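Okay, so here's the structure we're looking at.
Read the figures in this text as sums done on the coordinates, not as results from a lab. All figures in this text were calculated on a predicted structure; none of them were measured in a lab. Counting neighbours? That spans all protein chains shown, and the Cβs are built from the backbone with ideal geometry, glycine included.
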Amino acid sequence: MNYQYRKAPNPTEFSVFTGLGTAALDLKTLARDVPCQAACPAKTDVPAYIALISRGENEAAYRVNQEDNVFPGVLGRVCTKPCEAACRYAWTNAEGPVQICHLKRSAADRLKTPPTPLPPWFQETGRRVAVVGGGPAGLTAARELRRYGHRVTLFEREDHLGGMMVDGIPSFRLPLPTIEQEIKLITDSGIDVRLGSDVDRSGLAKLLESYDAVCVATGTMKAKSLDLPGIDGAEVIPGLRFMKQYNAGVVKSMKGDVVVIGGGFTAVDCARSCARAARRIVGADDRVTIAYRRTEHHMAAEMDELEEIRLENIDVRTLVTPVKAKVENGSLRSVVFQRNVMGDDGSDAGKPRIVPIPGSEFELPCSHLIVAIGQDAETEILPEGIALADRQQTAEPKLFVTGDFLTGSLDVIHAVADGKSVADEIDRFLVGEVRKKFHVSIELIDNDGETGRFRDHDLQEAPAMPLRSIVERAVGNAEVEKGLSDEATRVASSRCYLCNHKFEINQDSCIHCDWCIDVAPRDCIKKVSRLFVDEVGSPREYVQTDVAAEATYIYIDSDNCIRCGKCLRVCPTGAITMRKMERTACCSTKNAAGEVRWERLTARLDERKAARGRT
Amino acid sequence: MQRRLQFLRRSEDEDIKDAGLVLDFDEMARKGVMSKEEKNVAKWYGIYASRQPGNHMARIVIPGGVLTSTQARNIAKVSEKFAMGKLNITTRTSIQLHWLKLGSLADIMRALADEGSTTRHGCGDVTRNVTACPLAETCRYRRFNVLPFAQRTARRLGDSHDLDNLPRKFKISYSGCGAGCAQPFINCVGAIAVGGREGSEEPRGFKVVIGGGMGATPFIAKELFSFVPAERMVDLTRAIALLFRDHGDRFNRSKARLKYVVERYGIERCREIVIENLRAEGVSTEGFVVEGFREADASYPDRPLAEEDTVGTDGSVTLRIMVPKGEMGHRQLKRVAELSEIYGDQRVRTTNRQNLELHGIPKENAEEVKREIRKIGLGTTGFYGLRDIVPCVGTTYCPKAVSETRALYDLLQPLVAQPKYAGIEKAAVINITGCPNSCSPYRIADIGFRGSRIREELGSTEGYEVTLGGTPERLGEVFGEFKRDDCPGVVEKILDTFIALRSEAESLSDCVLRVGAEPFKKAVYE
Ligand SMILES: Cc1cc2nc3c(=O)[nH]c(=O)nc-3n(C[C@H](O)[C@H](O)[C@H](O)COP(=O)(O)OP(=O)(O)OC[C@H]3O[C@@H](n4cnc5c(N)ncnc54)[C@H](O)[C@@H]3O)c2cc1C
Ligand code: HEM
Ligand code: SF4
Ligand code: SF4
Ligand code: SF4
Ligand code: SF4
Ligand code: SF4
């Protein structure tokens, strides 16, 4: 008799059981299972560094961040944290997401040994690359190009590096020493920095002649102007200029009411800086008002920052559009606004539509008007006939663009991510092949499903960020957020589920006893009759059933898995495994037969280091 | 308030146990519900969930498997009143009542207590029912009567409140000789009587093995002492329980049993700890022999339980009563109790093959009693043989079950009853268990079945993992996985092959040990 029964295939979400997963499936699984990492533009290995922090290994945690997002101390303060919006915690826990961003800062603030520049990946190539603009995008590109073995010269117009991290973001949100330290880690890796070099179109042309490649990362420096009847523009202070002056310490004190128009980072920072410059925070009479045409939900600031703003005695008026300004005796008297209502549908350049309310005009008296409604790239720098497109490589093959300059004003983490990818592009252009690629290393952890933490850790309260009191804020530029305490860091870091651990059922061992389903804390394990996978083999949908005979699979839906390990411990057949995945930079080697093999770059570096140690 | 995170490496059950192990069943009856915590603690009272929602199971503890006829009658009465008249004998000589309603649990316990029966410690992380080989008192192979030891151990450990919260269940069995009819090698503690036969000068004692157990990962127990003086045997069980209490895993309940302590520590370290525990309680280890104790006459039979109508040391007959599937009705138990009063020693014994026994029947009454037994529908032949199939309750009652073990029982009975197997009737036993817990210890049967579901191209169907070649001291090897309806065909092929290959009177397991599983696989798969 033939008792070799025909069975539905045994699906798995990795291409290999352990080792280096180089298939598309592996990256897809990683992205699905570790949503915070997938949401981070720079693909920061969040669970890896949070696990290190919870073990008190701050140096190693810093290193993970340094590798992935270049500016841990900076981003630990000002990141827009798309990761937290994606965190699995935010799906299932009313306490909110893991404080990914603040934890990054916790590690950066607690280093006992100072960090060092990252080692290069490849030998010197002798190729020369010019990077124009020393903001986060340019700095990141420079660092990565250097690690590829190219010689990098960085041209910066100002007398300091950092771009908007220094000139834009005020130091009560991001202290200067933090930025400077992290910039030094980049320049110390051997980058030729030319400060005070204003590169214009002809300058760029020269660079294109003398370098093998040129990367423009000059950000968005041109303030959008506001056409207000009644004034000629002289009375209007562009927000960016104001922030630059404030950060340079040349704004002394301000008398009279201030109106700031806009809803982005710049508008909010301008208002908060004015409040300090005018010593308005502690209740001087003059008023600082932000006026924005949509609602608070559409502002760059988050709700808790808006709360802080109000505490700092700043008024926030929303759904208002300026229609004219009134000037008397050469000085500004007031701005007239019209009120808006949200449109039911439609969108206006990606943002919801607003509808003006006829006859709703009102007047807001003020002596200063700051306009911060956005910035554009100074595209005049580009050679004749070359325009910005949505690619980093321009029509001039040697010329690359990146950061805000390419994408329009975004944020630091996008600038970093873009700086990394432009470096990959440039390297491919210079060398003619892809030398570095990300794969997923997959490791079996055979320890009864212990991720290093326990179910009780899930049930902790999220600690709040301690803030400086209003009185303290009024003096100088002291940082408002004080950083999480040791205890809060411990709690915050031990909350993370460590989603880089994947629980999977080997269908060939499963006997459908359902014991795992009985002990599970969530609807994470399903009886499934059909499982639909996409073209790379990644599960997309399934049809659930309650009837034993209809159940083809007992299936762990990773989306709902909080990595408690209970199913693994109860499974009587050992069908459930826990594997740890890690996004890993790899380089390829060809063997004699011409087959490509991928190996971990870090392993290669360790080998090199060991070799150096021996000689 | 932030959560207390002191004892993280513990299962949730440990917190529940810490909160106390006493319940008020009358209050639960009044509320009409059992909380999760109460359900957990109810196990200490022998109360467990049943597959049918709203119903409960109670496990009556029967140390050594001996009930007085009064107790048996009382249990039958309780069953009639509260359990739809059904009774299930278990493989550890307890009796289970199913179909119990929450509101009557307290009354059931009180009614059982009327005649000195209890469900206390029927389940839970405690010393479970202490078993003894069924013929302990009168077996002609026995070294000495181990029943009193089983009963004293049950009393002593049950009364030790410092042993109320063990990491998991703790199982002890006593066998009267090396034949090990009480399955010493699959218990946490297996005590095997050595030396000291009636009239001999040899000292009486036990060989002690620990760390056996079935469940998802079966272990055969390892020898702790090759000789322990009989008078300190009960103290030793306590010292072993302390080893378990203090060193068992309280985080992962599936790896909590003593077998894992022995696996992790090794038998030497376990022995050291046990000796320390004995000393700490002032028990001398003088006379303990670690290895190499030899009995003057070390002989014992191979499958003594296969013998029918055995005659005991007192000249009376032991009659076995075959209870199909281990389940009977209250009238049947009542009649058996009556028969023990009329003809026997006023006791009813439960066996680990889910059958009953009557002891002390005068030879001349044996046939008559058998007729009486057959009149109530129970069997009187086929013990410890092909027809003595032991299924656990499976999906009939058990919430953990994957398969309908009793359906397979019904499929196999007509097959094994065929005349062609008369010659090998006593050469193989079959156990069927509905899930890896192995309530019917399938790995120690000649042919074992463990329920599973087999994936199909769409959906799944009931099936069994089949093991071959187990004996009480040796685990059967996995033979294959088959859909339920294919199982009779597989058994037939295995038995036919056995007949063809059998040498002299060997058992199926010995045959498999001798020739390997290959010829059987060939027969089945070709
Ligand atoms: C007030 C303000 C607050 C912000 N707050 C946040 C925040 O909280 N979180 C966040 O994530 N993002 C914030 N941003 C946005 C963020 O700072 C930028 O998106 C990011 O810095 C863009 O990086 P970049 O490298 O592309 O450009 P930039 O940072 O703008 O850097 C461009 C660099 O190029 C130099 N440069 C320009 N032209 C030339 C030239 N012709 N020759 C040589 N050098 C030149 C500039 O001096 C500058 O150093 C804020 C921005 C502003 C203005
Ligand atoms: C309501 C139904 C039952 C439930 C829920 C149940 C539950 C369990 C569980 C959870 C185990 C596993 C123990 C371990 O992990 O080691 C187990 C083992 C065992 N059960 Fe049951 N059981 C039930 C009925 C029975 C019946 C009817 C019998 C006897 C006929 C029985 C006899 C045993 C035995 C002998 C073991 C021990 C196996 C070993 O040595 O590890 N059980 N049972
Ligand atoms: S729980 Fe941790 S690993 Fe999971 S998504 Fe949130 S931060 Fe990332
Ligand atoms: S860099 Fe920003 S987006 Fe990325 S992980 Fe950190 S906080 Fe999140
Ligand atoms: S580890 Fe298992 S039981 Fe726990 S959440 Fe994940 S799938 Fe569910
Ligand atoms: S516990 Fe294990 S065998 Fe049972 S259904 Fe879950 S994965 Fe399958
Ligand atoms: S043969 Fe079996 S029943 Fe008899 S004494 Fe030995 S173990 Fe007990």
### Summary
Going from the fewest other Cβ atoms within 10 Å to the most, one would list A:Tyr211, A:Tyr62 as A:Tyr211, A:Tyr62
### Task
Could you work out the relative contact order of the range A:1-128, using alpha carbon pairs under 8 angstrom and six or more residues apart, expressed as a whole percent?
21
### Task
May I ask you to derive the relative contact order of chain A, considering only C-alpha pairs under 8 Å and at least 6 residues apart, and to give it as an integer percent?
17
### Query
Quick one: if the Förster radius is 60 Å, what FRET efficiency do B:Lys363 and B:Lys31 give, using the C-beta to C-beta distance and rounding to 0.05?
0.60
### Summary
In Å, the C-alpha Rg and Dmax of the range A:223-375 are 14.9, 45
### Summary
For the range B:437-493, inverting the pair-averaged 1/r of distinct alpha-carbon atoms gives a Kirkwood value in Å of 11.6
#### Entry: For chain A, share of DSSP beta bridges that run antiparallel, in % to the nearest 5
60
#### Entry: Loop-located trypsin sites (Lys or Arg not before Pro) in the range B:279-386, at most 11 other Cβ atoms within 10 Å (DSSP)
B:Arg294
### Summary
Inter-part gap, Cα centre of the range B:310-326 to Cα centre of the range A:530-550, in whole angstrom, is 55
### Message
Treating only the Cβ of Lys, Arg, Asp and Glu as charged (+1, +1, -1, -1), what charge dipole size does the protein assembly as shown show about its Cα centre? Round to the nearest 20 debye.
### Response
1420
#### Entry: Rounded if a/c under 1.5, otherwise prolate or oblate - chain B, Cα gyration tensor axes
rounded
### Summary
Expressed as a whole number, the average count of other chain Cβ atoms within 10 Å around the Cβ atoms of B:449-455 is 6
### Task
Can you find, among B:Tyr525, B:Ile430, B:Pro218, the residue farthest towards the positive end of the dipole of the protein assembly as shown? Put +1 on the C-beta of Lys and Arg, -1 on that of Asp and Glu.
B:Ile430
### Message
What are the equivalent ellipsoid semi-axes of the protein assembly as shown, built from the alpha-carbon gyration tensor (square roots of five times its eigenvalues), in whole angstrom, biggest first?
### Response
78, 32, 27
### Query
Assuming a viscosity of 1.002 mPa s and a temperature of 20 °C, what translational diffusion coefficient in µm² per second does Stokes-Einstein assign to the range B:307-375, Rh being the Kirkwood radius over Cα pairs?
179
### Task
Return A:Cys513, B:Cys123 ranked ascending by Cβ neighbour count within 10 Å, so the fewest neighbours appear first.
B:Cys123, A:Cys513
### Task
Only Cα pairs under 8 Å and at least 6 apart count here; give the relative contact order of chain B as a rounded whole percent.
12
### Task
Order these peptides, A:40-48, A:166-174, by their mean beta-carbon neighbour count within 10 angstrom, highest first.
A:40-48, A:166-174
### Query
Antiparallel as a % of all DSSP beta bridges within the protein assembly as shown, to the nearest 5?
70
### Summary
For the range A:6-16, in residue order, the Karplus 3J(HN,Hα) values (coefficients 6.51, -1.76, 1.60; θ = phi - 60°; whole Hz; Gly and Pro = x) are 7, 10, 4, x, 9, x, 9, 9, 10, 7, 10
### Whole-angstrom gap from the range A:164-198 to the range B:210-273, using each part's C-alpha centre
65
### Task
Kindly flag which residue pairs out of A:Lys222/A:Lys326; B:Lys39/B:Lys400; A:Lys580/B:Lys36 have an alpha-carbon separation exceeding 23 Å in this structure.
A:Lys222/A:Lys326; A:Lys580/B:Lys36
#### Entry: Reachable lysines, given that their alpha-carbon falls under 23 Å from the alpha-carbon of B:Lys521 and they are not under 8 places away in the same chain
A:Lys7, B:Lys420, B:Lys426, B:Lys483, B:Lys493
### Order of A:Trp598, A:Trp121 under a 10 Å beta carbon neighbour criterion, fewest first
A:Trp598, A:Trp121
### Task
Per residue of B:486-498, count partner chain C-beta atoms within 10 Å of its C-beta, then hand back the mean as an integer.
1
### Query
Can you give the FRET efficiency for A:Ser469 and A:Asp192, using 1/(1 + (r/R0)^6), R0 = 56 Å, r = Cβ-Cβ distance, to the nearest 0.05?
0.80
### P(r), alpha carbons of chain A - 20 Å bins starting at zero, rounded %
17, 45, 31, 6, 0, 0
### Helical contribution to [θ] at 222 nm, DSSP H n ≥ 4, -39,500 (n - 2.57), averaged over the protein assembly as shown, rounded to 500
-9000 deg cm²/dmol
#### Entry: FRET efficiency for B:Thr118 and B:Glu338, using Cβ-Cβ distance with R0 set to 25 Å, rounded to 0.05
0.60
